[in-house]
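The values are calculated or read from the model by the stated rules, or taken from the named source; none is laboratory data. Here the structure is a predicted model, which is why all the values come from computation and not from measurement. Neighbour counts are summed over all protein chains in view; Cβ atoms, including those assigned to glycine, are modelled from backbone coordinates with ideal geometry. Ligands, DNA and RNA are excluded from the accessible area calculation, which covers all protein heavy atoms including side chains. Shrake-Rupley method; radii C 1.70, N 1.55, O 1.52, S 1.80 Å.
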Amino acid sequence: MKSINVHPVFRELFGKKIALLEMWLALLFCIGMSVILLTLTYGDWQRLAVWKIMMIVMLTIDITGGVIANFSYSTNDYYRSNSRARLIFIGIHIQPIILAMIFGEQYLLSISVWVYTVLSAFFVNTLYTFPSQRLIAGVLSVSGITLLLLLAGYASKLFLALLSLYTFKVVFSFAVDHYGTRDS
């Protein structure tokens, strides 16, 4: 499979050298899912200030882009070789709090999603060589998303979709070493 060297600016997203297929799948999912989410939820954000709309578009692209890019061998390898960067990546993902500020709603829910997701991701990250790391991450991410949907009340569809994708991205796509060797 043909690979390309990644420009240093994009290494946090794609690693150092990525297979073209993985890069294109990540980009196509990011663009396609962002367009779908923003189109189908236009009513949720159409009346917001321009700067808020720009922030929503950027956060949507960031979240959807990472969902698939974090599964790539190159991105996984990049963070496997730099555990400090992995921990920083998990810690700085405060998108739920930013989304609550933009939408002006569901602050407690957003903070709860952020805390649950970050704690789950840190825990999953500690299971680096544990054979069931992926399974545990799957349980934690799906449980978090289910609880979010059950407890969300009347939150907007875009808000819920982005929080769900965020939880999946950070807990399952990112915190799991998908290509690492597991102890038996």
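Observations, loosely collected:
- Qualifying lysines (Cα of each under 30 Å from Cα of K157; at least 8 residues distant if same chain): K52, K169
- If only the Cβ of Lys and Arg carry +1 and only the Cβ of Asp and Glu carry -1, the dipole of the chain around its Cα centre is close to 280 debye.
- Computed over the chain, the Cα gyration tensor eigenvalues convert (square root of 5λ each) into semi-axes of 28, 21, 13 Å, ordered from largest to smallest.
- Only one residue of I98, V57, T41 has its Cα farthest out toward the positive end of the dipole of the range 26-108, where Lys and Arg carry +1 and Asp and Glu -1 on Cβ, and that residue is I98.
- Solvent-accessible surface of the chain, averaged per residue with a 1.4 angstrom probe and all protein chains in place: 53 square angstrom.
- Cα gyration tensor category, rounded, prolate or oblate, for the range 1-101 with a/c compared to 1.5: oblate
- Alpha-carbon centroid distance for the pair the range 111-161 / the range 36-50, whole angstrom: 25 Å
- Rolling a 1.4 Å probe over the protein heavy atoms of the chain, with every protein chain left in place, gives an accessible area that is 71 percent carbon and sulfur.
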